[in-house]
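Take a look at the structure set out below.
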Protein chains: 2
Amino acid sequence: MAFEFNVIAQDSGSQAKAATFTTPHGTIETPCFMPVGTRATVKGITVDELEEVDAQIILSNTYHLYLRPGAELIAEAGGLHAFMNWNRPILTDSGGFQVFSLKDTLKLTREGLSFASIVDGTKHFWTPASNMDIQHKLGADIIMQLDQCPPIPSTRDEVASAVGLSAHWLEGCLQAHEPHRERQALFPIVQGGIELDLRLESIERIMQLEERFGTHPGFGIGGYSVGEPHEVMFETLPKVAAALPQDRPHYLMGVGNPTTLVRAVGMGIDMFDCVLPTRTGRMGTAFSSEGRLNLRNARFAHDFTPLDPECDCKVCRGYTRSYLRHLVKSDEMLGAILLSYHNLYYLLNLMRKVREAIIEGRYGEFLESWMASPAADDY
Amino acid sequence: MAFEFNVIAQDSGSQAKAATFTTPHGTIETPCFMPVGTRATVKGITVDELEEVDAQIILSNTYHLYLRPGAELIAEAGGLHAFMNWNRPILTDSGGFQVFSLKDTLKLTREGLSFASIVDGTKHFWTPASNMDIQHKLGADIIMQLDQCPPIPSTRDEVASAVGLSAHWLEGCLQAHEPHRERQALFPIVQGGIELDLRLESIERIMQLEERFGTHPGFGIGGYSVGEPHEVMFETLPKVAAALPQDRPHYLMGVGNPTTLVRAVGMGIDMFDCVLPTRTGRMGTAFSSEGRLNLRNARFAHDFTPLDPECDCKVCRGYTRSYLRHLVKSDEMLGAILLSYHNLYYLLNLMRKVREAIIEGRYGEFLESWMASPAADDY
C-alpha cells in the first residue's frame, strides 16, 4: 500500500494516538493541523514561511482552483505542487462544500451537481467521476470524495438522504479513482450530522465498499462545526471516530479552534484544517496563551511586550504588541502577514506539543492543564 | 567624524564612484537603493526578506510616523530600529514633501508649516527645530532637513523663493541638531528645480553654513522627478552633483526607475529611494531584463517560464509567470508580496552590479550595454 499509517503511540486514557502517514511527497506526523491555501496560496504566507512554521501538509480548494486558473492549466504546470512551488504533501477537498453553499444556482441530482461559476456565471456540472478527474489533474497526495454536507438546521430526513447520496457518490468516486490509487489517497467522508445512528450508518456504507474497491487509506469526517454548539459535536465525535478503523487516519474537516483541536485529538482525530488562523490574522486577531487577542484594542498601544510571551515564533521573538497594533491600525499588509504567521505557528506548535504528550504518555495531563489555562476559552 | 564616506573607486570616464558610508547601525556600500518603509514597514515585505534581498538601508517617512503612531511612542519603544525590528541603517525624510502636497490645509510662513492631519483633522505646526525633534525621537541614522520642494510647474520666482526658505530652514535644523551630530547625520537638501543657477545658489548657501555648523555629512538632492521629463533632469543633475563636495554622499530623492539609477550613478549620485518597486509590485507589475511586465496580461496565462530568466532571486527561481499571474488575477496577497520582493531584489541587485562595474573599471561598458538592452526603456 502506497499510503502507510503507522501508529507509534496510543494514549491509555483516551483515543488519542500519535502516528505517521506516508504520502508520495513525504511523511506527515499526526495529529496535525493543515493550513488552508484556498487558491494555491496560504493567504499572506510564502512557502518559505510555511516551511519555517513547519507545516507538514497544506489543504487547497478544488472549487476555487477549478474555476480559476482551471485544473487543465494546473496539470499543464505539472500539478499543484509544481504550480505553487510547494514540495510537501497537499490535500484537496472535493469542492462540494463550496458548491452546496451556492444555493441560488445549485441543482442537485443523483448523478451530480450543476451550478453557476461565481467568477463568470458559466454553467458547470460535476459528477463523482468528473470531480475525481479534476482532483487527479490537481495531483494532491490526498483527495476527498464528492459528498453532500447538509447545513444546520436540517431535518433528520435531509441528513439521512445526504448520507445515502454521499455513499452513492463514493461508489462513483472509487470507480473513477481505481487507476490512481498508488499516486493519490482517496478519503471517503462520514456524514450524518449530529445523529449518531446516521453517522454509524454512513460508516457502515463506506466500509461495505471496501469489498469491491479495497482498503480506504483514511477517512474524512464532515458535517461538523457547521453552526452547532461545540459540545453537541463532542457528544458524537468520539463514538464516530471509535467506529472507524483505528489503523487509518481520521480527518475532522474544517475545524481549527485551538481547544477543539486539543480535545478532538483525545476523541480519536488525527488531522484538521481550517482557514481560522489566517482569516483571524488578517482581521487583526491573534491566538495566545492568554486567549484570543484583538490587536485593534487601545490597551496594546504602549504594550512593548511580545504578542505571546510563551511563544517562540519569529513574530513573538522580534516584535511588540505595540508595533503589531500600529500595523493593524494602519491596514499595513505586514500586520496581516505577521499575525497569520504567528497564528499558524501557534496551532502547528500546539499539535507538536500534543503529539509529544501522547508519545510521552501524558496526554491526559496535557489536556487537563490546557483546559485550566486562559487559552482554553478559544473554541 | 561619526559618519565616514570612503570612496574606494572612481570611474575615469564619468562621475560614477563606489564608496562606503559608515553609520551607527552599519556600513552602507554605495551606490545604493533604499527601499521605502513609509509607516515603519516596507509594504508586504518582512525584515527577514529585506535582509534576504540585502537591503543595506531603508527609508521611512516622518510625516506618516508623526501622525501615527507618533514620535513619542516610537521613542518609548526605543526608536524606529527597535520598533520595527530592523537593525541596519535607516534614513528618515523630514515629511515636508508630504505636507506640501496637502494644499487645502497648508499654511506656509518663514517660521514653519501649519497643516491638518489626514488621519483626524487635528492642526499641527512644524518649525525646523520641532521637525528635528521629531526625527531625533525616531532615531534614524540619516535624517533630512525640513525644506520646501516646489511642484512642477512653478515660476522661477517660486523656485528661487523655495531655495531661500530651504536655506533659512536649514539653519534652524542645524542649530537644533547640534547636540545630535554624533548619533544622526543631518543631510541638507539642494533645491532649485530645473534652473542650474538656482541649484548652484542652493549649494552655495548650504556650504556657507558649514563655517558655523561644521562639515555636512552628506547631501540630498530634492525637487527632481516631480513631473518633468527625465531628460530635463539629466541636463542639470551632473552639474549639480559635480558642484557638491565629492567626499560626501549625494542622495537623489524619490527616484527609483532602473534606467534612471544606472545613468544617475554616472552623474555622481550615490543613493536613491523610491516606492516604485513595491507600489508597482502591488499593482501586478514586475521589473525585468525584458522591460516592465504586467502580469495581468493574458499572454502569461500558460507561460511556465520564470518571471525574469536573468534574475536569480527566490521568486524567479521558484515560481512561473503563470502562477504569478494567477495570484495577481485572484487578488491574492502573495502576488503583491512576491512581485514586491522581486522588484526590490532587481533594483538592489542592479545597484550591486553597477558598483562592481565601477570597482572593476567598466562602468562605461556597463552603461552602454544597459542602454542597448530591452530593460533600458524603464524610466
Taking every Cα atom in region B:86-184, find the radius of gyration and the maximum pairwise distance Dmax, and write them in Å.
-> 14.1, 43
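Past the 16 angstrom mark, what percentage of all C-alpha to C-alpha distances in region B:207-285 do you count?
Roughly 55 percent, once rounded to a whole number.
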B:F304 label points, 7 Å along Cα→Cβ, one per copy: pairwise distances from this copy to the rest in nm, shortest first?
-> 5.3
Using alpha carbons only, what's the Rg to Rh ratio of region A:1-151 with Rh from Kirkwood?
-> 1.01
Cα axis of helix B:128-138 to longest principal axis of chain B: angle in degrees, 0 to 90, nearest 10?
-> 50
Derived scalar couplings ³J(HN,Hα) [region A:291-300; Karplus, 6.51 cos²θ - 1.76 cosθ + 1.60; whole Hz; x for Gly, Pro] | x, 5, 10, 9, 5, 6, 5, 4, 5, 8
In chain A, which residue puts its Cβ closest to the axis that turns chain A onto chain B, and how many whole Å away is it?
-> A:M333, 3
Output row for B:E4: copy-to-copy label distances, label 7 Å along Cα→C-beta, ascending, in nanometres, one decimal, is 6.2
Size of charge dipole - region A:5-274 - debye, nearest 20, with Cβ of Lys, Arg +1 and Asp, Glu -1, no other charges | 360
Mean Cα-pair separation over length for region B:48-99, i.e. relative contact order, pairs under 8 Å, 6 or more apart, % | 53
In a shell of Cβ-Cβ distance under 14 Å around B:A176, excluding B:A176 itself, what net charge do Lys and Arg (+1) and Asp and Glu (-1) give?
-> 0
Choice from B:K353, B:K17, B:K329 with maximal GNM fluctuation in chain B (Cα, 10 Å cutoff) = B:K329
Charges only on Cβ, +1 for Lys and Arg, -1 for Asp and Glu: so what's the dipole of region A:26-139 about the Cα centre, in debye to the nearest 20?
-> 580
May I have the pair-distance distribution P(r) for the protein assembly as shown, computed from all Cα-Cα distances with 20 Å bins from 0 and rounded to whole percent?
-> 16, 41, 28, 14, 1
Sorting from shortest, the nanometre distances separating the label point of A:G26 (7 Å past Cα along the line to Cβ) from those of the same residue in the other copies are 2.9
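Å³ per residue of the Cα convex hull, for region A:272-311?
76
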Euclidean distance of C-alpha centroids, region A:169-247 and region A:312-352, integer Å | 36
Just check region B:165-248 against the gyration tensor rule for me: Cα atoms, a ≥ b ≥ c as the square roots of the eigenvalues, rounded for a/c under 1.5, and otherwise prolate or oblate depending on whether a/b exceeds b/c.
-> prolate
Once the dipole of region B:5-274 is set up with Lys and Arg at +1 and Asp and Glu at -1 on Cβ about the Cα centre, which of B:Q98, B:S60, B:L196 lies farthest towards its positive end?
-> B:Q98
Karplus 3J(HN,Hα) series, Hz, for region B:196-203 with 6.51 cos²θ - 1.76 cosθ + 1.60 (x for Gly, Pro) | 4, 5, 5, 4, 5, 5, 4, 4
How big is the antiparallel share of DSSP beta bridges in region A:5-274, given as a percent to the nearest 5?
-> 45
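Based on alpha-carbon atoms only, what is the radius of gyration of chain B relative to the globular estimate 2.2 N^0.38 Å?
Dividing the Cα Rg of chain B by 2.2 N^0.38 Å gives 0.97.
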Square roots of five times the Cα gyration tensor eigenvalues for region A:244-379, Å = 29, 16, 12
Sparse-neighbourhood loop hits (GluC sites (Glu not before Pro), region A:339-379; DSSP loop; Cβ within 10 Å at most 12 others) -> A:E360
Checking A:L91, A:L106, A:L170 against a Gaussian network model of chain A (alpha-carbon springs below 10 Å), the top fluctuating residue turns out to be A:L106
Of the residues B:A40, B:G218, B:M233, the Cα lying farthest along the dipole of chain B towards its positive end, which is defined by charges on the beta carbon of Lys, Arg, Asp and Glu, belongs to B:A40
Cysteines not pairable in chain A (beta carbon separation under 4.7 Å absent) = A:C32, A:C149, A:C173, A:C274, A:C313
Chain A, Gaussian network, Cα under 10 Å: of A:A242, A:A298, A:A82, the residue fluctuating most is A:A298
Nearest 10 degrees, 0 to 90: what angle lies between the long axis of helix A:230-243 and the longest principal axis of chain A (Cα atoms)?
-> 50
Karplus-derived HN-Hα couplings along region B:216-225 (A = 6.51, B = -1.76, C = 1.60, θ = phi - 60°), whole Hz, x at Gly and Pro = 6, x, x, 9, x, 10, x, x, 9, 6
Extreme residue, positive dipole direction of region A:5-274, given options A:A160, A:Q246, A:L50 (C-beta unit charges) | A:A160
Student exercise, the protein assembly as shown dipole from Lys, Arg, Asp, Glu Cβ charges, in Debye to nearest 20 = 940
Could you give log10 I(q)/I(0) at q = 0.23, 0.27, 0.28 Å⁻¹ for region B:79-128, computed by the Debye formula over C-alpha point scatterers of equal weight, without solvent?
-> -0.84, -0.97, -1.01
At a Förster radius of 51 Å, what calculated FRET efficiency corresponds to the Cβ-Cβ distance of B:D331 and A:E171, to the nearest 0.05?
-> 0.85
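None of the figures in this text is laboratory data; all of them are computed from the coordinates on show. What you are looking at is a predicted structure, and each value in this text was computed from that prediction instead of being measured. Every residue, glycine among them, receives a Cβ derived from its backbone with ideal geometry; neighbour counts consider all protein chains shown.
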